[in-house]
Structures are given as structure tokens and as C-alpha cells.
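The values are calculated or read from the model by the stated rules, or taken from the named source; none is laboratory data. Everything numeric in this text was worked out from a predicted model, so none of it was measured. Virtual Cβ from ideal backbone geometry, glycine too; neighbours counted across all protein chains shown.
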Amino acid sequence: MSHIATLEKIRHVREHEKRSAKQAHHQSIKAFEEVATKLYNLLKKKENAKEAYDLSLQSKTTVQHLKEQSLYIDKLNDQIIHLQEQVNIAREKMEQKRENLTDAHIEVKKFEKMIEQQHERLKESALKRENEMMDDISIKQHLNRKNR
């Protein structure tokens with residue numbers, strides 16, 4: 001029985017680790033979504049800036065204005081490249097946290113299975129002892145009837 005109590009304590013620790021892993025995974029998802037949203041908004045800005053630049057090319061505009069728009073688009077491209085790296089890092093972290101959560105879940109299930117097996121062994125052992133006691137009682141009753 002003390003073996004089951006030990007397993008229960010370990011399972012409790014593993015469940016705590018699982019909850020922590022779940023929380024870390026949730027936070028990594030939020031971080032990924034935030035960076036990905038920034039990237040999306042930046043891509044939309046670039047798309048709008050390109051459209052404005054294309055319209056400027058078709059209409060009468062100054063060379064200085066075209067240079068400014070081109071520089072703005074280049075600046076957006078640099079920011080996009082930087083954000084893409086951040087998105088990739090956030091994605092990797094999110095995947096790592098998901099793997100940690102999966103591993104923690106598996107660990108909890110292992111200990112639950114071990115505890116279940118221990119309970120089953122205890123039941124079988126108790127049933128075996130009960131059957132042995134019933135056999136002993138039956139033998140004694142049979143001997144008592146014979147001796148009368």
C-alpha cells in the first residue's frame with residue numbers, strides 16, 4: 001500500500017509539472033500570435049505602400065516623393081525580415097512547449113497506469129487470500145462434520 005502512496009505522490013508532482021507545461025504552452029501560443037499579428041499588420045502596410053507607390057508611378061509626382069515611398073517600403077521590408085525571424089523563433093518555442101506538454105501528459109498517464117496496476121494487484125491478492133480463507137473454512141467444516 002505504501003508503494004501506491006509513493007506512486008500517488010509522484011503522480012501529483014507530475015500533474016503539477018503538466019499544469020505548468022500547459023500554462024507555458026498557452027503563453028507561448030499567445031506570444032506567437034502577437035508576433036504573427038504584428039507581421040501580418042506590417043505586411044498589410046507594405047502592400048498598401050506598394051499600391052500607393054504604383055499609383056504614384058502612374059500619376060504626376062515628384063522624384064523626391066517616389067524616393068521617400070521607396071525608402072519607406074525598404075524600411076518595411078527590413079522590419080518584415082526581422083519580424084519573420086521573431087515569428088520563427090516564437091514558433092519553435094511554441095512547438096517545444098507543446099512537446100513538453102505532451103511529454104508531461106504521457107508521464108502522468110504512465111503513473112496513472114502504474115497506480116491502476118498496483119490497485120489491480122492488491123485486489124487480486126485480496127481475492128486470493130479470501131479464497132484461501134474460504135478453502136480453510138470449508139476444510140475445517142468438513143473435518144468437523146466427519147468427526148461428529
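What tally of residues in region 1-43 results from selecting those that are of a type in the set (Val, Ile, Thr) and farther than 20 Å from Glu107 by Cα?
So the count comes out to 3.
Could you please give the count of residues in region 1-12 that are surrounded by 13 or more Cβ atoms within 10 Å (Cβ to Cβ) and of a type in the set (A, V, I, L, M)?
Qualifying residue count, region 1-12: 3.
On the basis of being free of Cβ contacts under 8 Å to residues at least 24 places away in the same chain, more than 25 Å from the chain's Cα centre (by Cα) and loosely packed, with under 12 Cβ neighbours inside 10 Å, does Ser70 make the cut?
Here the answer is no, as Ser70 does not meet what is asked.
In this structure, is Asp136 in a helix (DSSP H, G or I), out of contact with any Gly (no Cβ under 9 Å at 6 or more places or on another chain), at pLDDT below 95 and acidic (Asp, Glu)?
yes
Quick grid of which residues meet (1) touching a helix residue (DSSP H, G or I) at 6+ places or on another chain (Cβ under 9 Å); (2) among the β-branched types (Val, Ile, Thr); (3) touching a residue at least 12 places away in the same chain (Cβ under 8 Å); (4) surrounded by 15 or more Cβ atoms within 10 Å (Cβ to Cβ):
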position	(1), (2), (3), (4)
Gln23	no, no, no, no
Phe32	yes, no, yes, yes
Val35	yes, yes, yes, yes
Lys46	yes, no, yes, yes
Lys50	yes, no, yes, no
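Does region 84-99 contain any residue that is closer than 15 Å to Leu42 by Cα, more than 20 Å from the chain's Cα centre (by Cα) and surrounded by 13 or more Cβ atoms within 10 Å (Cβ to Cβ)?
Yes: one or more hits.
Taking interchain pairs and intrachain pairs at least six residues apart, which have beta carbon atoms under 8 angstrom, with the first residue in region 75-87 and free of Cβ contacts under 8 Å to residues at least 40 places away in the same chain and farther than 14 Å from Thr37 by Cα and the second surrounded by fewer than 17 Cβ atoms within 10 Å (Cβ to Cβ) and of a type in the set (Asp, Glu)?
Partner pairs satisfying both residue conditions: none exist.
With the structure loaded, tell me whether Val13 is closer than 30 Å to Ala126 by Cα, β-branched (Val, Ile, Thr) and assigned to a helix (DSSP H, G or I) or whether it fails that test.
Judged against the criteria, Val13 is a match.
So which pairs qualify, if the first residue must be in region 88-112 and assigned to a helix (DSSP H, G or I), the second must be surrounded by fewer than 18 Cβ atoms within 10 Å (Cβ to Cβ) and among the β-branched types (Val, Ile, Thr), the Cβ gap must be under 7 Å, and the two must be at least 6 apart or on different chains?
If the second residue must be surrounded by fewer than 18 Cβ atoms within 10 Å (Cβ to Cβ) and among the β-branched types (Val, Ile, Thr), the pairs left are Met94/Ile29; Phe111/Ile10.
With (1) in a helix (DSSP H, G or I); (2) farther than 29 Å from Arg91 by Cβ as the list, and Thr37 as the residue in question, which single condition is left unmet?
Thr37 satisfies every listed condition except (2).
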